[in-house]
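Data first, discussion second: the structure below is written as structure tokens.
The values are calculated or read from the model by the stated rules, or taken from the named source; none is laboratory data. Everything quoted here is computed from the prediction, not taken from an experiment. Because the Cβ atoms are built from the backbone with ideal geometry, glycine has one as well, and the counts that use them run over all protein chains shown.
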Amino acid sequence: MDSDIEESLKKRQRKTPFLGDPSSRKQFEQFAARPYVMGEVNFMQEEDIRLEATRARFSNVLKRHGELTERLSRDSDKMIFDRLQKEFEAARASQTEEICLDGEEWNDGLLATIRERVHMEADRKAMPVDSNIVSAPHFQERITYKVGSKVICCLEGTRIGIQYETSFAEEPRELYHCVLESKSFLEKMTVLEHTIPFFLPIREAENDLLSSNAMKFIDYIGELLQAYVDRREQVRLIKELYGNQIKELYHSLPYHMVEFVLDDSDCKVTVSLRYADLVSVLPTRIRVLAWLSKKSGINATTMNRKENGVLGSHQNPARLSYAEDALRTMSLPEAYAEIVLNLRQALQQIFQQRSPTM
């Protein structure tokens, strides 16, 4: 009986040698694990290929979108701009006085006076020629009002024109126009035409503000345009100054969402910026993450250490709080310079804190 049991065990060991031989067991486990590792590598490679393909398609979509945007705005908007610009230049050339307004001098009462003057002038031109009316001094006045970066003047008919001057770093940028009209002094004004970029919400502002507070509408459009130019020029400037370091830069048309990658020798840093609204020039939602490069000299000892068969926590991205603070309080070019200047030191501190104790 015992001999039969021993013989049975020997046969089973010959069929599955790893059960009785530790070295054979280890060899079998390594062999069994090999297809899994290869499969994992292949899966990661396939994921990388798919990611690159998606990124290429997305970049192509953005490029085509930009070309379409330029084509849509290039012809018709340029014609409107040229016509309105000539009309504004003619109005300013014929002015008898330009009044600069500060603070409380620009108010609803003054805007009502401008509206009244426009309608009186239109009524006068519609009446038969009367030498007494024509010679009246107030009909001969051509007054233009300058309020900060806005120029307000009376145009032909019952139209009020506002020209917005934008700037960046105290240098002039584009001019924009908005023409308001009302059928009578008592009726609400409407936006007749404008040269404001189509992706800025002028129609929403017209519905929300113009009928109830025309002065607030005029001021808001000025803030909207200046903030847009500020955000756009900040992005343009970092591309101009640091284009060799910045990769994969994406932004929305109004530049209220901006993302880019800083490609450093020690790490790859992703920056994501969101602005609270379209009149903001500094972002409010900021996320800056850094992935340490395998070739980095920072904390190289920790990079090679494993715990419980899993790579240490340094493989997870590090959130760069100092960079987020800089972006929250400085212009984008200034914050970028601050980030690059302190990047290596910040990474060293972060990954030293993450390093397991020896």
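Within the range 93-131, work out how many residues are closer than 18 Å to Ser184 by Cβ and in a loop (DSSP other than H, G, I, E, B).
Of the residues in that region, 1 qualify.
Restricting to the range 235-283, and then to whatever is of a type in the set (Asp, Glu) and closer than 19 Å to Ser59 by Cβ, can you tell me which residue is modelled with the highest pLDDT?
Among those that are of a type in the set (Asp, Glu) and closer than 19 Å to Ser59 by Cβ, it is Glu259.
Would you mind stating whether Leu180 is free of Cβ contacts under 8 Å to residues at least 60 places away in the same chain, assigned by TED's automatic domain parsing to the domain that holds Met120 and outside any strand (DSSP E or B)?
When the stated conditions are applied, Leu180 does not pass them.
Filter the range 169-192 down to the residues that are under 25 Å from Gly109 (Cβ atoms) and not hydrophobic (A, V, I, L, M, F, W, C) and list them by number.
Matches in the range 169-192: His177, Glu181, Ser182, Lys183, Ser184, Glu187, Lys188, Thr190.
Hey, could you check the range 159-173 for residues that are assigned to a strand (DSSP E or B) and under 19 Å from the mean Cα position of the chain (by Cα) and say which is surrounded by the fewest Cβ atoms within 10 Å (Cβ to Cβ)?
Restricting to residues being assigned to a strand (DSSP E or B) and under 19 Å from the mean Cα position of the chain (by Cα), the top hit is Ser167.
If you go through the range 310-333, how many residues are surrounded by 14 or more Cβ atoms within 10 Å (Cβ to Cβ), modelled with pLDDT of 90 or more and in a helix (DSSP H, G or I)?
Of the residues in that region, 9 qualify.
Could you identify the single residue in Phe185, Phe217 that is in the same structural domain as Ala122 (by TED's automatic domain parsing) and within 25 Å of Lys78 (Cα to Cα)?
Phe217
Which one is surrounded by the fewest Cβ atoms within 10 Å (Cβ to Cβ) among residues in the range 209-245 that are within 26 Å of Glu259 (Cα to Cα) and acidic (Asp, Glu)?
Across the range 209-245, the extreme among qualifying residues is Glu240.
I want to confirm something. Restricting to the range 193-232 and keeping residues that are of a type in the set (Asp, Glu) and over 20 Å from Leu111 (Cα atoms), which single residue is farthest from the chain's Cα centre (by Cα)?
Only one residue tops the list, namely Glu204.
Does any residue in the range 100-113 that is over 13 Å from Lys216 (Cα atoms) and in the same structural domain as Ser149 (by TED's automatic domain parsing) come within less than 9 Å, Cβ to Cβ, of a residue that is among the polar types (S, T, N, Q) and assigned to a loop (DSSP other than H, G, I, E, B) six or more places away or on a different chain, and which pairs are these?
From residues that are over 13 Å from Lys216 (Cα atoms) and in the same structural domain as Ser149 (by TED's automatic domain parsing), the pairs are Leu101/Asn107.
In the range 220-253, what count of residues is obtained for those that are over 20 Å from Ala169 (Cβ atoms), assigned to a helix (DSSP H, G or I) and touching a Phe, Trp or Tyr at 6+ places or on another chain (Cβ under 8 Å)?
Counting residues in the range 220-253 that are over 20 Å from Ala169 (Cβ atoms), assigned to a helix (DSSP H, G or I) and touching a Phe, Trp or Tyr at 6+ places or on another chain (Cβ under 8 Å) gives 1.
If you go through the range 110-135 one residue at a time, how many are at pLDDT below 90 and touching a helix residue (DSSP H, G or I) at 6+ places or on another chain (Cβ under 9 Å)?
Residues in the range 110-135 being at pLDDT below 90 and touching a helix residue (DSSP H, G or I) at 6+ places or on another chain (Cβ under 9 Å): 8 in total.
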